[in-house]
Amino acid sequence: MELVDFLRARLDEDADTASAASPGPWHVNAESDEVLAVDDIAVADGFALSGQQLRATTAHIARHNPARILAEVDAKRQMVDDYARNAAAAEAEQCPNEWNGGIDKLGYFVLPLLALPYADHPDYRDEWRP
């Protein structure tokens, strides 16, 4: 598996998980410390935590709601797809030579950074580690 394929597969998994969840945006109910979906149905609560940690955890969960994750996946897919398209054009010598340096930098620096959060995945290769 190549890095582009690996990233596309992980982004698909992220999108599938976010799409299956209660839709966002989510918000925190300050009175109950529950994370609520758009329809005010509780999607998470911090019952095992207390005080500042509880508030920080519920705020974190609400901030990373499915709508945000889907937007992040879309942005990352655009980066991966732009790289793949431009790398293919460069390989076929269909783009100006001055673009090749940018394409190489994206593939060498940016894509490995996008893959880093998935380093615990069994298909991740250490050679991709920045």
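Summary table below
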read-out: Residue in the range 23-46 that is among the hydroxyl-bearing types (Ser, Thr, Tyr) and at pLDDT 90 or above present; value: no
read-out: Residue tally, condition of a type in the set (D, E, K, R) and not assigned by TED's automatic domain parsing to the domain that holds Ala115, over the range 4-48; value: 6
read-out: Condition check for Gln52: free of Cβ contacts under 8 Å to residues at least 12 places away in the same chain, exposed (fewer than 12 other Cβ atoms within 10 Å of the Cβ) and assigned by TED's automatic domain parsing to the domain that holds Glu127; value: no
read-out: Given (1) at pLDDT below 85; (2) touching a Lys or Arg at 6+ places or on another chain (Cβ under 6 Å), index of the condition Leu11 fails; value: (1)
read-out: Whichever residue in the range 11-21 is more than 10 Å from Arg77 (Cα to Cα) and assigned to a helix (DSSP H, G or I) and, among such residues, is farthest from the chain's Cα centre (by Cα); value: Ala20
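The values are calculated or read from the model by the stated rules, or taken from the named source; none is laboratory data. Keep in mind the model is a prediction, meaning the values are calculated, not measured. When we count neighbours, we look across all protein chains shown, and the Cβ atoms used for this are built from the backbone with ideal geometry, even at glycine.
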